[in-house]
Amino acid sequence: MSLDAPSRPAEVAAASAATAEAAAGSRRAARRAARGARRREADARGFTSGHDLRRPNVLWTRRVLNALVLVGLVVVALGPLLWLAKAAITPTQDTLRNPMALFPNGTDWANLTTAWVDLNLGLYFVNTIVIALGSWLTQMVVATTGGYVLAIVRPRYGKVLYGLVLATLFVPTVVLLVPLYLTVLDVPFVHVSLLNTFWGAFLPAGASAFNVVLVKRFLDNLPREIIEAARVDGAGPFRLFVSIVLPMSRPILGVVSVFAVLAAWKDFLWPLLVLPDPELQPLSVRLPTLAPKTELDVFLAALLLSTAVPIAFFLLFQRFFLRGGGLGGAVKG
């Protein structure tokens, strides 16, 4: 037996540690080189180079310009909403005399209660929510199933069908109002009128070619390996759609949801045509009707209340959908 045998494990461990340290050092060097390459590429594409940014006057000038642009964007985007919030709790005379003054004679929080009770906003809120939820559901069903068929199932006539869907995008919406109204007035085959019903207000929203194209383009970029693996494991079209495609499509479902709800919330012309009964009309139709016979401060309070809901919806659901992991629901950790 050799006298060096007891020392061999220690030598092997030391050599392994040295190799691991060298590998870690090479990885750190590679990361530093990659960061340097990205920095040099950004400097080459940027408005100012890295050499100019190291000069104090250029650096501070750029920071001041960035701050001014940011403040300008905030004022343009949030200015009207902040003014509406201020005017909603300001007496009418103060708003008319000094529209930009900040509460010259105090606030009037009773405007919100008056707008809710006297204008019967609760009823119109319910009508608007029903129409928005119905429009969202119909658009989601049509967009997801249509995009799934065109992008994942890919039938033999898929390209022709996709071309027809794209062709409808070139038809102006105003041109479709008359035939769509006649269809709602007398639904083919069943011969039922959908006037003065919520069905007539939100069912036509499902025929949105834009949403179908949006979902189809997103599904085209999904990993085909996961879909093929699910098919090999025996997943049928319905199981593939429910268990694989939908969980992977949460980002685009969030985008379509936000578009659908906000579009239905602010839609004016179509609900005005199919809902002549004031008791069934949404906020977008009733508020312009109530404006001539309502005090300015109360009307602005009603506008604030009607605006708060879609803003809250967007802030809540864009975080839930758009920041979710795209593959988290389909791939087991």
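Rolling a 1.4 angstrom probe over the protein heavy atoms with all chains in place gives the stretch 214-267 an accessible area of 50 Å² per residue.
Scalar couplings 3J(HN,Hα) for the stretch 176-192, obtained by applying the Karplus form with A = 6.51, B = -1.76, C = 1.60 to θ = phi - 60°, are 7, 4, 5, x, 5, 5, 5, 5, 5, 5, 8, 5, x, 6, 8, 6, 10 Hz; x denotes Gly and Pro.
Computed with a 1.4 Å probe over protein heavy atoms only, the accessible surface of the stretch 69-172 comes to 60 Å² per residue. In order along the stretch 267-272, the phi-based Karplus estimate (6.51 cos²θ - 1.76 cosθ + 1.60, θ = phi - 60°) of 3J(HN,Hα) comes to 5, 10, 5, 5, x, 5 Hz; Gly and Pro are listed as x. Of the residues R217, R250, the one with the largest accessible area comes first in the ranking R217, R250, computed with a 1.4 Å probe on protein heavy atoms. Sorting Y157, Y148, Y162, Y181 by accessible area puts them as Y157, Y181, Y162, Y148; the probe is 1.4 Å, largest comes first, and only protein heavy atoms count. Highest mean packing comes first when the peptides 205-213, 60-68, 119-127 are listed by Cβ atoms within 10 Å, giving 205-213, 119-127, 60-68. The stretch 112-153 and the stretch 249-322 have Cα centres lying 9 Å from one another. For the stretch 45-183, the relative contact order is 10 percent, taking Cα pairs closer than 8 Å that sit 6 or more residues apart in sequence and dividing their mean separation by the residue count.
The values are calculated or read from the model by the stated rules, or taken from the named source; none is laboratory data. All values reported here derive from a predicted model rather than from experimental measurement. Because the Cβ atoms are built from the backbone with ideal geometry, glycine has one as well, and the counts that use them run over all protein chains shown. Note: accessible area is taken over every heavy atom of the protein model, side chains too, but ligands, DNA and RNA are not part of it. Shrake-Rupley method; radii C 1.70, N 1.55, O 1.52, S 1.80 Å.
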